[in-house]
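Each remark here refers to the structure printed beneath this line.
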Amino acid sequence: MTVRRFHVEGIVQGVGFRPFVYRTAAELGLGGWVANVNGHVEGEVAGPTRAIEEFAARLRTGAPALARVRRVRLTGGARQSPYATGFQVRHSAPGDSDAAPREIPPDAAICDACLSELRDPRDRRYRYPFINCTDCGPRATIIESLPYDRVRTTMRRFPLCAACAAEYTDPGDRRFHAEPVACPVCGPQPAWAELRGEEALRAAVRTVDEGGIVALKGLGGYQLVCDAGASAAVAELRRRKRRPVKPFAVMAPDVETAARLAQIGAGERRALTSPERPVVLLGRRRWRGRAAPLAPEVHPGLNRVGLFLPTTGLHHLLLDGLARPLVVTSGNLSDEPIAIGDEEARDALAAVADGLLTHNRPIRSRYDDSVVQFTGRTRITVRRARGLAPAPLPLPVRQPVAGAGAQLKHTFTLAADGRAHIGPHTGDLADLATYEAFTASYEHLKELTGIEPVVLAHDLHPGYLSTQWAEAQPLRRVPVQHHHAHVAACAAEHGVRGRFLGVAYDGLGLGDDGTLWGGEILVADRCGYRRVGRFATAPLPGGDAAVRHPSRTALGHLLGGEALGSPRPYPWLTQPFTDRLDPAEVDVVRAMIARDVNCPRASSAGRLFDSAAALLGLADQVSYEGEAAVLLEATAGDEHAVPLAHRVVRAQGLWVYDPTPTLADLLRRQLEGEPVARLAAAFHLTLAIVTAELVGRVVAEGAPRTVCLGGGCFVNRRLLTEVRRRLHAQGLRVLVGGQVPVGDGGISYGQAAVAAARLAGKG
């Protein structure tokens, strides 16, 4: 008889793994036990050697759908078996001495089996909003500590009734050791003011049906809900939430309804119906001659819409009662953290919602909705949050490290033992509330993973709250340049070893020379980089004010662009643009540029997008970061576009793109009457041609032929498609982040990758 100890690492808690181990051992006639231990699964198995080998093989290849097995280890050998009574699932105990990092299962949307029971009048969980099993339901949002057992989640407040306890302890049941298991007798209950259960649901349905706004308690925080087809309701939500034009996500009841709203490819369908249930950005369908099912206020001026499917039983019941798509957006005021506590929600959302559909299961961790999109068959993560975070990603790291992140679209990363956990999307670190949400999330995830970093990487910018927080920590610190972090994140995700060529296009990041960067070509490895190309600089009149006023950025390019030998656009070209602006504003900007007062210079691709949008009359002012670029992409037509004039020169040892000819040509062709849609397309095409030329020149000088793309500009599908096509035509290997957000949400992962490489002394 052989007795072997087994140890399974990966996402193996909260995903039905112990029941799977039990069933596997029983099928093979093996004795022993299994338990959760500090984030992994371990136990002993006794029986014939061949059966134990088959047992280990099945653990590796046949795990439940939500599990991610990273490693299975067997130790021990032949000895007398102490297991005479078959196989057992043991209760877990905290305080295990194993200090290896642990992996936390993300939340999973309601599965088909539970959805069927939810709608079955014969089932005892009929219309019970909090139905779940081992294949679905809350995980990361309710975990208070590990190992993952009910007593260490927010479900500990709900003792199991006899029926649920029987399911929970029956190895043959789908709810065997499903920690959030509950039913109408013993579980959480929905509430609407003094109403409970079905009456609460009916009140919420009635409010939305009558054009009102409901604050709904979701998996990772409160959400604001209204009828997506009612212009008045959506407009009122915008007014109350202080969100003038930024698009809202729409929840469709099923994938068939989603397909009537948007164009859905195979990859997009898989993402929509996956257990992660992210918001998927899709091309909307045209509704010529018919009333559009979505109010224009949902995504004003855009040709893409963010759709997702219900994640919980509560969502399904609300949609069943309304039979129409709903706006479902973060339960917060603009720029504030999403509310998770009931009192917090009542205080924050009292002036926004007409009522709260809440419940008495506490949310432990704040997780907003994840957002993804597809460019061809390539999946791009825009926001990594509910359903995706904090599932680990590979990262070669010997000593524990952390990345503090940037300022916008903030995340942090904790990494150890070959894997990195990107924390949930926090938002923009612009105020105390968001900062406190970040620090609380960091401490909680650090406790759950067991990762105690010895090095903390952070951005160079001293004004970022993340940098200021990092500088206050009693750890060794590694400053990482913003754009190096962008391309290092891409390289690390794809396992690139050694040198690569990085193309980083975004809004702004502090360069190592003290100026603002944003259109960068770098020869890099994970340890360091060398700047080999860039966009020409232009002043940002008023600093941050220019980011909110693209017309100022455009004036900066026209009046104060870097002197690289190109003549300034003739006054007769610029006059139509300046004539439609406030003359006093133009005079102030002229004076600021002439005197170099509060005009930091930036080599920013993102700000160049802003300038083009302003020159074409699409956005003189914006209400959210990236709005002008989004409008420019949405405006670009599909008809054939002729590239704009462009010029790449050698300056100060770098290849530099001079955008002055591009902007002058844009103005000239606009004055000649060329349609704005064609000019917007021409601008995208021109930047792709410029990128290919910059990359081609540095490759000809010996730069690596693997190109890593990073930065928020590559969320732009048109730009990304054209850049990849032209670089592939040069025979280059082109990579872009998929699981790691391509924008600033991936900065922390890149910072951790750089810190790990520097500790190891290799790129």
Checklist entry - Could we say that residue 115 is in contact (Cβ under 8 Å) with a residue 60 or more places away in the chain and part of a helix (DSSP H, G or I) here? => result yes
Next on the checklist: Conditions first: (1) within 24 Å of the chain's Cα centre (by Cα); (2) at pLDDT 95 or above. Residue 333 passes all but one, so which condition is the exception?
Outcome noted: (2)
Checklist outcome for this item: Considering the range 8-32, residues that are open to solvent by 20 Å² or more (accessible area, probe 1.4 Å) and closer than 19 Å to residue 76 by Cβ, and then whichever is farthest from the chain's Cα centre (by Cα), we arrive at 29
Checklist entry - When you scan the range 635-651, how many residues do you find that are more than 18 Å from residue 693 (Cβ to Cβ) and open to solvent by 20 Å² or more (accessible area, probe 1.4 Å)? => result 4
Next on the checklist: Taking the criterion of being open to solvent by 10 Å² or more (accessible area, probe 1.4 Å) and among the small types (Gly, Ala, Ser), would at least one residue in the range 221-229 satisfy it?
Outcome noted: yes
Next on the checklist: If I filter the range 745-763 for residues that are at pLDDT below 95 and within 25 Å of residue 654 (Cβ to Cβ), do I get at least one hit?
Outcome noted: yes
Checklist entry - If you check residue 327 against the conditions, is it surrounded by 22 or more Cβ atoms within 10 Å (Cβ to Cβ) and under 22 Å from the mean Cα position of the chain (by Cα)? => result yes
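Residue-by-condition table, conditions (1) at pLDDT 95 or above; (2) farther than 23 Å from residue 408 by Cβ; (3) open to solvent by less than 40 Å² (accessible area, probe 1.4 Å):
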| residue | (1), (2), (3) |
| --- | --- |
| 289 | no, yes, no |
| 317 | yes, yes, yes |
| 352 | yes, yes, yes |
| 360 | yes, yes, no |
Next on the checklist: Which count do you get for residues in the range 695-720 that are buried (at least 20 other Cβ atoms within 10 Å of the Cβ), of a type outside the set (A, V, I, L, M) and part of a strand (DSSP E or B)?
Outcome noted: 2
Checklist entry - With the range 561-620 as the region, which helices (runs of 4 or more DSSP H) entirely inside it contain at least 1 residues that are open to solvent by 50 Å² or more (accessible area, probe 1.4 Å)? => result 571-579, 583-595
Checklist outcome for this item: Residue hits (the range 395-421; among the small types (Gly, Ala, Ser) and surrounded by 21 or more Cβ atoms within 10 Å (Cβ to Cβ)) are 402, 403, 404, 405, 406, 415, 416, 420
Checklist entry - Mind checking whether some residue in the range 255-274 is closer than 25 Å to residue 134 by Cα and of a type in the set (Asp, Glu)? => result no
Item to check | Selection from the range 138-157 of residues that are in contact with a helix residue (DSSP H, G or I) (Cβ under 8 Å, 6 or more places away or on another chain) and either open to solvent by less than 30 Å² (accessible area, probe 1.4 Å) or touching a residue at least 24 places away in the same chain (Cβ under 8 Å) (or both) | outcome: 142, 143, 144, 145, 146, 150
Item to check | One residue from 734, 723 being closer than 20 Å to residue 378 by Cβ and either in a strand (DSSP E or B) or under 16 Å from the mean Cα position of the chain (by Cα) (or both) | outcome: 734
Item to check | Condition check for residue 305: β-branched (Val, Ile, Thr), in contact with a Lys or Arg (Cβ under 8 Å, 6 or more places away or on another chain), farther than 19 Å from residue 332 by Cβ and at pLDDT 95 or above | outcome: yes
Checklist entry - Right, residue 368: crowded, with 24+ Cβ neighbours inside 10 Å and acidic (Asp, Glu) or not? => result yes
Checklist entry - What do you reckon, is residue 258 open to solvent by less than 20 Å² (accessible area, probe 1.4 Å), over 24 Å from residue 105 (Cα atoms), touching a residue at least 24 places away in the same chain (Cβ under 8 Å) and in a helix (DSSP H, G or I)? => result yes
Checklist entry - Do we find a residue being open to solvent by 20 Å² or more (accessible area, probe 1.4 Å), at pLDDT 90 or above, outside any helix (DSSP H, G or I) and not polar (S, T, N, Q) anywhere in the range 544-554? => result yes
Item to check | Scan of the range 468-521 for residues that are buried (at least 20 other Cβ atoms within 10 Å of the Cβ) and of a type in the set (Ser, Thr, Tyr), ordered by number | outcome: 505
Next on the checklist: Is it the case, given these coordinates, that residue 424 is at pLDDT below 95 and either open to solvent by 30 Å² or more (accessible area, probe 1.4 Å) or outside any helix (DSSP H, G or I) (or both)?
Outcome noted: yes
Item to check | Any chance residue 738 is small (Gly, Ala, Ser), within 26 Å of residue 419 (Cβ to Cβ) and open to solvent by less than 10 Å² (accessible area, probe 1.4 Å) | outcome: no
Checklist entry - Any idea which residue in the range 139-197 is farthest from the chain's Cα centre (by Cα), counting only those that are part of a loop (DSSP other than H, G, I, E, B) and on the phi > 0 side of the Ramachandran plot? => result 193
Checklist entry - Listed residues 73, 5; which is within 22 Å of residue 449 (Cβ to Cβ) and surrounded by fewer than 17 Cβ atoms within 10 Å (Cβ to Cβ)? => result 73
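Here's the yes/no breakdown for (1) closer than 15 Å to residue 506 by Cβ; (2) touching a residue at least 12 places away in the same chain (Cβ under 8 Å); (3) touching a strand residue (DSSP E or B) at 6+ places or on another chain (Cβ under 7 Å):
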position: 592; (1), (2), (3): no, yes, no
position: 599; (1), (2), (3): no, yes, yes
position: 604; (1), (2), (3): yes, yes, yes
position: 608; (1), (2), (3): yes, yes, yes
position: 614; (1), (2), (3): no, yes, no
position: 628; (1), (2), (3): yes, yes, no
Item to check | Of all residues making up the range 8-22, the number that are modelled with pLDDT of 90 or more and over 10 Å from residue 69 (Cβ atoms) | outcome: 3
Item to check | Scan of the range 432-453 for residues that are in a loop (DSSP other than H, G, I, E, B), in contact (Cβ under 8 Å) with a residue 60 or more places away in the chain and either in contact with a strand residue (DSSP E or B) (Cβ under 7 Å, 6 or more places away or on another chain) or within 25 Å of residue 713 (Cα to Cα) (or both), ordered by number | outcome: 451
Checklist entry - In the range 158-182, which residues are open to solvent by 40 Å² or more (accessible area, probe 1.4 Å) and of a type in the set (Val, Ile, Thr)? => result 169
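The values are calculated or read from the model by the stated rules, or taken from the named source; none is laboratory data. Fair warning: this is a prediction, and the values are worked out from it, not measured in the lab. Glycine also receives a Cβ, built like all others from the backbone with ideal geometry; neighbour counts cover every protein chain displayed. All accessible areas refer to the heavy atoms of the entire protein, side chains included, with ligands and DNA or RNA removed. Shrake-Rupley method; radii C 1.70, N 1.55, O 1.52, S 1.80 Å.
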